[in-house]
Amino acid sequence: MNNPMEQNNKETNIKTTIDAVTGLVQAVPVYQDTLQPAAKEVGKSLAIVAKTVNIALAPVKAIVWGYEQIEEYVTNRVSEKLRNIPNKNITTPPLQVAGPTIEALRYVGHDPNLRELYANLLANAMDKDTIHKAHPGFVEILKNLSSDEANLLKAFVTSYRFPLIDLISTEKNSSYYRIITTNFSHLDHYVSIQNPDLIPSYLDNLIRLGILEIPSGVFIAIENIYDSLENDEKLNAEKEYINNVLDGIVSFERKQIRTTTFGQQFIQNVVTDK
């Protein structure tokens, strides 16, 4: 038999708990109301940012090519590249080359340097004499190239290697050294580069893609070929830094940048004009 006092205490505890929970629930809308002004301001700010982003992206949307633009470019440009190829030699390109090429042109069609390389690849993939050289992996390499890098590779159409140097500061009476400038070249003397200061980074990317290589300890054994690099005025500030700040000795490591075997195939079938 239940004790009336215990029953009353139980009911009181239940009521107290219910009241407490009810109080919390009722307090939530008040808490939300206090946040509403701030939330509204954040919403306005996001709306302004979104509008700004849309304005910034508008030119991008405009330059993304549609199928008609791609079809017109491919038909006209590839036709020009195949104009001296016998009709019997022109064939349907492999889907694994043509499909990704056409898709990629949606995003690079506005760039003359890049779209020209895609057109060369597609033209070679449509010629029975060169179709076997149009490697499907070439498309992925193209997707990883900037406009400058596409132009830079044109230098390797006429020569498979070029001199490079590292500018080094060596401590006096010590073997300790620091590389101050790495992979300095005159590649921008051979082709037009929008950002020549980025050439060392471009070379890193092209090496990463397996197109170029800098073999360790190998240099070009042609007399005076490195003179213009080592005496370039662009390095004067670094030389002064070595002499006056580091109190070091200016020296150079002579190197070369050259195409790999795979890179030579890429240059021949994608970069070289069909």
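Name the residues in region 224-247 that are more than 17 Å from L164 (Cβ to Cβ) and either in a loop (DSSP other than H, G, I, E, B) or under 28 Å from the mean Cα position of the chain (by Cα) (or both), would you?
L246, D247
Kindly list the number of the only condition in (1) in a helix (DSSP H, G or I); (2) of a type in the set (F, W, Y); (3) modelled with pLDDT under 95 that fails for W65.
Of the numbered conditions (1) in a helix (DSSP H, G or I); (2) of a type in the set (F, W, Y); (3) modelled with pLDDT under 95, the odd one out for W65 is (1).
Report, ordered by the first and then the second residue, all pairs with beta carbons closer than 7 Å, sequence separation of six or more or different chains, a first member in region 80-95 that is more than 19 Å from D273 (Cβ to Cβ), and a second member that is among the small types (G, A, S) and not in a loop (DSSP other than H, G, I, E, B).
Filtered contacts from region 80-95: P94/A125.
Within region 210-225, does at least one residue satisfy the condition of being open to solvent by 50 Å² or more (accessible area, probe 1.4 Å), within 15 Å of F266 (Cα to Cα), touching a strand residue (DSSP E or B) at 6+ places or on another chain (Cβ under 7 Å) and charged (D, E, K, R)?
Within region 210-225, one or more residues are open to solvent by 50 Å² or more (accessible area, probe 1.4 Å), within 15 Å of F266 (Cα to Cα), touching a strand residue (DSSP E or B) at 6+ places or on another chain (Cβ under 7 Å) and charged (D, E, K, R).
Mind counting the residues in region 193-224 that are among the polar types (S, T, N, Q) and closer than 21 Å to I141 by Cα?
4
Looking at region 131-181, which of its residues are open to solvent by less than 70 Å² (accessible area, probe 1.4 Å), among the aliphatic types (A, V, I, L, M) and outside any helix (DSSP H, G or I)?
A134, L145, L164, I165, L167, I168, I180
Which one is nearest to E149 (Cα to Cα), of the residues in region 87-114 that are assigned to a helix (DSSP H, G or I) and open to solvent by less than 20 Å² (accessible area, probe 1.4 Å)?
L114
The values are calculated or read from the model by the stated rules, or taken from the named source; none is laboratory data. For clarity, every value in this text was computed on a predicted model and none was experimentally measured. Backbone-built Cβ (ideal geometry, glycine too); neighbour counts: all protein chains shown. Please note that ligands, DNA and RNA were not included when accessible areas were found on the heavy atoms of the full protein model with its side chains. Shrake-Rupley method; radii C 1.70, N 1.55, O 1.52, S 1.80 Å.
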